[in-house]
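Enquirer: This is the structure, below, for whatever I ask next.
Bear in mind that the values in this text are calculations on the coordinates, not laboratory data. Keep in mind that this is a model prediction, so the values were computed, not measured. With ideal geometry, Cβ positions are generated from the backbone for all residues, glycine too; neighbour counts draw on all protein chains shown.
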Ligand SMILES: Cc1ncc(COP(=O)(O)O)c(C=O)c1O
């Protein structure tokens, strides 16, 4: 519900395009949560959590998976599994692990990061190969792993093509590096490209996926890898305070999302292209559910849109980000597109 110019309350729906994390569980998802069979997961006795972990591991062709409360925790455990204390991981300069996890990988894992840079967040094998630091003894930091984000959040929902990931796998084998795939939105990449989840699983030693973004669950991510990796990660999850008890209530939301909310991501992608067009961004550049809109004054656009009950975020002084999701039906996308098309500053700079 919004307010009209004279301050009176109106019945207009607020359209929230700030992130795909803002979704609320659907009625059917809540029913699945209420009906979940649960037990103490720290004792390994929650059948719904176990079912989710086994299903996700199988989807990606790996041996095991671990359910975590957040993607940040899953990423922390992923990097810990590949990068020993005092060594480094390479990633893109705008990657979530380097920008948005508040230094956890340094503070908790004791590792450093060096970055390559690409405006869309894509992998650049030449840059990566140049960065790789071999083991030269106790003088220089050794590179232990490469982390790739797919889709790339701050890059604007960019997909990493599977061919590039396969080439990275070869490079990693040459230099004896691990590969982490931060796949918080890997479901979107799979739907956008038709690449299967196990094809993505094949190129990485560890994969992290989120249930709480495009899939619409209220919380939860998974770390996927070998049985040995997951066993060690389970111990670290507990050490970090992430052991949870009757988590099957939440896992049930994830299982429901896997059954019902993957194919529909194509609708979010179509809605994102609609918004892009309205904002003067070439829809061809919008690969999934995130639109980065260049503008003169991002804060001003965000504020003007809010006055029209359309919420979006400034991810830089000159970039507004729009994210489509389960709670943005096509009718809302059309209204938001209409509103944003009138906000002239959202048009690209000449
Ligand atoms: C690419 C990526 N990885 C990891 C995360 C972390 O997820 P969470 O917010 O559940 O910690 C996010 C969150 O937006 C993300 O976009």
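Enquirer: Subtract the Cα-Cα distance of residue 112 and residue 31 from 0.36 nm times their separation in residues, and report this length gain in nm to one decimal.
Expert: Values: separation 81, 0.36 × 81 = 29.16 nm, distance 4.38 nm.
Taking residue 112 through residue 31 to full extension adds about 24.8 nm, to one decimal.
Enquirer: I would also like to ask the following. Figure the gain on full extension for residue 174 and residue 303 (residue separation times 0.36 nm, minus the Cα-Cα span) and round it to one decimal in nm.
Expert: Roughly 41.4 nm would be gained on extension.
Enquirer: Taking neighbour counts of Cβ atoms within 10 Å as a proxy for exposure, in what order, fewest first, do 295, 91 appear?
Expert: Details: 295 24, 91 28.
Ranking 295, 91 by Cβ neighbours within 10 Å, fewest first, gives 295, 91.
Enquirer: Quote the FRET efficiency, to the nearest 0.05, computed for residue 93 versus residue 235 with a Förster distance R0 of 25 Å and r equal to the Cβ-Cβ distance.
Expert: 0.20
Enquirer: Quick one: length gained pulling residue 277 to residue 338 fully straight, 0.36 nm per residue minus the C-alpha distance?
Expert: Once the chain is fully extended between residue 277 and residue 338, it gains 20.9 nm.
Enquirer: Going by the alpha-carbon gyration tensor, a ≥ b ≥ c the square roots of its eigenvalues, is segment 204-244 rounded (a/c under 1.5) or, if a/c is not under 1.5, prolate (a/b greater than b/c) versus oblate?
Expert: oblate
Enquirer: Also: Considering the Cα trace of segment 1-144, what is its radius of gyration and what is Dmax, both in angstroms?
Expert: 21.7, 70
Enquirer: Another question, then. When 208, 143 are ordered from fewest to most other Cβ atoms inside 10 Å of their Cβ, what list results?
Expert: Neighbour counts put them in this order, fewest first: 143, 208.
Enquirer: Calculate the spin-label point distance for residue 70 paired with residue 193, positioning each point 7 Å from the Cα along the beta-carbon direction, and give it in nanometres.
Expert: If labels sit at residue 193 and residue 70, their model points lie 2.8 nm apart.
Enquirer: Between 0 and 90 degrees, rounded to the nearest ten: what's the tilt of helix 47-59 against the longest Cα principal axis of the chain?
Expert: 90 degrees
Enquirer: With both bridge residues required to lie in the chain, what share of the DSSP beta bridges run antiparallel, to the nearest 5%?
Expert: For the chain, the DSSP antiparallel bridge percentage is about 50.
Enquirer: How far apart, in nm, are two points set 7 Å out from the Cα along the Cα-to-Cβ line at residue 313 and at residue 18?
Expert: A separation of 0.8 nm, rounded to one decimal place.
Enquirer: Sticking with this one: When the label point is put 7 Å from the Cα of residue 330 along its Cα-to-beta-carbon vector, which residues of segment 247-269 have a backbone N closer than 12 Å?
Expert: It comes to 267-268, nothing else.
Enquirer: Any idea what angle helix 265-278 forms with the longest principal axis of the chain, computed on alpha-carbon atoms, 0 to 90 degrees, nearest 10?
Expert: In the chain, helix 265-278 runs at an angle near 50 degrees to the longest axis.
Enquirer: Once you place label points 7 Å from the Cα toward the Cβ at residue 125 and residue 45, how far apart are they in nm?
Expert: 5.1 nm
Enquirer: Quick check: convex hull of the Cα atoms in the chain, volume per residue, rounded to a whole Å³?
Expert: Details: hull volume 49.9 nm³, N = 350.
Convex hull volume per residue, Cα atoms: 142 Å³.
Enquirer: Using alpha carbon centroids, what distance separates segment 132-171 and segment 267-282, in Å?
Expert: If you average the Cα positions of each part, the centres end up 29 Å apart.
Enquirer: Could you state the number of Å between the C-alpha centres of segment 199-235 and segment 309-337?
Expert: 28 Å
Enquirer: Helix 227-239 versus the longest principal axis of the chain: what is the Cα-based angle in degrees, 0 to 90, to the nearest 10?
Expert: 70 degrees
Enquirer: Continuing with the same structure: Starting from the alpha-carbon convex hull of segment 210-350, give the projected area averaged over all orientations, in nm².
Expert: 11.0 nm²
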